[in-house]
Amino acid sequence: RPGAPGEPTTVADPSSLPGISTATLGTTTPQGTWPIELAHLAERLDTEGIPHSNMEGQVLHIHQHLDLFVHGKSVAVPANIGIHQAAGWLGALHVHDATGVIHVESPFKATYTLGQIFDTWGVRFTSTCIGGYCTDATNTLKVYINGTLYEGDPRTLALDEHQEIAIVYGSAAETPAIPTTYNFAPGQ
């Protein structure tokens, strides 16, 4: 559940959430990214206490940028994560377009986490796995914030205003140039 500012956040174990993908890219993901899972979205959001309604929340309004790399290749962050268009509502954590900008627009102040955006998307994300890619003898999963390696549990990483978040899975030789900043649009 989201915690109040300054309080620890409890994030669900993704293996306990319905509809979480553990696929590798190219197997069940012909678009080169993980599909957005909507069938169980409301249940996942309710489990984590993430509000959802037919309008964006106005009390907490911050943005982050997410870059994903698997084996040295950029992986798209799809538009409409957290947005259930057919049902006419969206979650407090969502993505409007394919730029990788995460919108946190909540009706109350709380601490939201990186793990919760992946739970909203419907993709497994733990300290050792993203989708079907898990740390092994050759490959690691690393998270960078504004170009600096994050040493904690990435699921509990608090989302803050204008973070540049890079998630990198692969061997040391496949590590891309790590972005340090993102040029947010005016008003973001």
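Take Asp160 and decide whether it is among the acidic types (Asp, Glu), in contact (Cβ under 8 Å) with a residue 12 or more places away in the chain and open to solvent by less than 20 Å² (accessible area, probe 1.4 Å).
Details: among the acidic types (Asp, Glu): yes; in contact (Cβ under 8 Å) with a residue 12 or more places away in the chain: yes; open to solvent by less than 20 Å² (accessible area, probe 1.4 Å): no.
Criteria not met by Asp160.
Pairs meeting the criteria (first residue in region 34-59 and closer than 22 Å to Ala76 by Cα and touching a residue at least 24 places away in the same chain (Cβ under 8 Å), second residue open to solvent by 50 Å² or more (accessible area, probe 1.4 Å) and among the β-branched types (Val, Ile, Thr), beta carbons under 9 Å, at least 6 apart or on different chains) are Trp34/Thr28; Pro35/Thr28.
Just to be sure before I move on: is Ser21 among the polar types (S, T, N, Q) and crowded, with 18+ Cβ neighbours inside 10 Å in the structure I sent? It is true that Ser21 is among the polar types (S, T, N, Q) and crowded, with 18+ Cβ neighbours inside 10 Å.
Pairs are defined by a Cβ separation below 9 Å, a sequence spacing of at least 6 or placement on different chains, a first member in region 89-100 that is over 12 Å from Ile117 (Cα atoms), and a second member that is assigned to a loop (DSSP other than H, G, I, E, B) and among the acidic types (Asp, Glu); the pairs so defined are Leu90/Glu56.
If you filter region 49-105 down to residues that are touching a helix residue (DSSP H, G or I) at 6+ places or on another chain (Cβ under 7 Å) and aliphatic (A, V, I, L, M), you find that the one that is nearest to Asp160 (Cα to Cα) is Ile102.
Filtering Thr138, Thr180 for residues that are open to solvent by 70 Å² or more (accessible area, probe 1.4 Å), in a loop (DSSP other than H, G, I, E, B), of a type in the set (Ser, Thr, Tyr) and more than 25 Å from His96 (Cβ to Cβ) leaves a single hit, Thr138. Regarding region 102-110, can at least one residue be identified that is of a type in the set (Asp, Glu), closer than 22 Å to Asp46 by Cα, modelled with pLDDT of 95 or more and under 10 Å from the mean Cα position of the chain (by Cα)? Taking every residue of region 102-110 in turn, none turns out to be of a type in the set (Asp, Glu), closer than 22 Å to Asp46 by Cα, modelled with pLDDT of 95 or more and under 10 Å from the mean Cα position of the chain (by Cα).
Within the span defined as region 11-26, every residue fails to be at pLDDT 95 or above and under 13 Å from Leu93 (Cα atoms).
Looking only at region 112-128, which residues are open to solvent by 10 Å² or more (accessible area, probe 1.4 Å), in contact with a helix residue (DSSP H, G or I) (Cβ under 9 Å, 6 or more places away or on another chain) and over 17 Å from Ala39 (Cα atoms)? Explain how you work it out, then say what you get.
Keep residues of region 112-128 that are open to solvent by 10 Å² or more (accessible area, probe 1.4 Å), which gives 124, 126-128.
Still in the running and in contact with a helix residue (DSSP H, G or I) (Cβ under 9 Å, 6 or more places away or on another chain): 124, 126-127.
Within region 112-128, Thr126, Ser127 meet the criteria.
In region 47-74, the residue that is farthest from Pro186 (Cα to Cα) out of those that are open to solvent by 80 Å² or more (accessible area, probe 1.4 Å) and under 17 Å from the mean Cα position of the chain (by Cα) is Ser74.
Pick out the one residue from Thr99, Thr148 that is farther than 26 Å from Thr24 by Cα, of a type in the set (Val, Ile, Thr), modelled with pLDDT of 95 or more and out of contact with any Lys or Arg (no Cβ under 7 Å at 6 or more places or on another chain).
On the way: Thr99 fails: farther than 26 Å from Thr24 by Cα.
One residue alone meets the criteria, Thr148.
Among the residues of region 149-177, those that are more than 18 Å from the chain's Cα centre (by Cα) and either among the basic types (Lys, Arg) or outside any loop (DSSP other than H, G, I, E, B) (or both) comprise Gly170, Ala172, Ala173, Glu174. Being crowded, with 21+ Cβ neighbours inside 10 Å and among the hydrophobic types (A, V, I, L, M, F, W, C) is the filter here; which residues of region 85-109 pass it? Residues satisfying the conditions are Leu90, Ala92, Leu93, Val95, Ile102, Val104.
The values are calculated or read from the model by the stated rules, or taken from the named source; none is laboratory data. Keep in mind that what you see is a predicted model, and the values were worked out from it rather than measured. We place every Cβ from the backbone using ideal geometry, glycine too, and count neighbours over all the protein chains shown. Areas reflect the complete protein model, heavy atoms only, side chains present, ligands, DNA and RNA absent. Shrake-Rupley method; radii C 1.70, N 1.55, O 1.52, S 1.80 Å.
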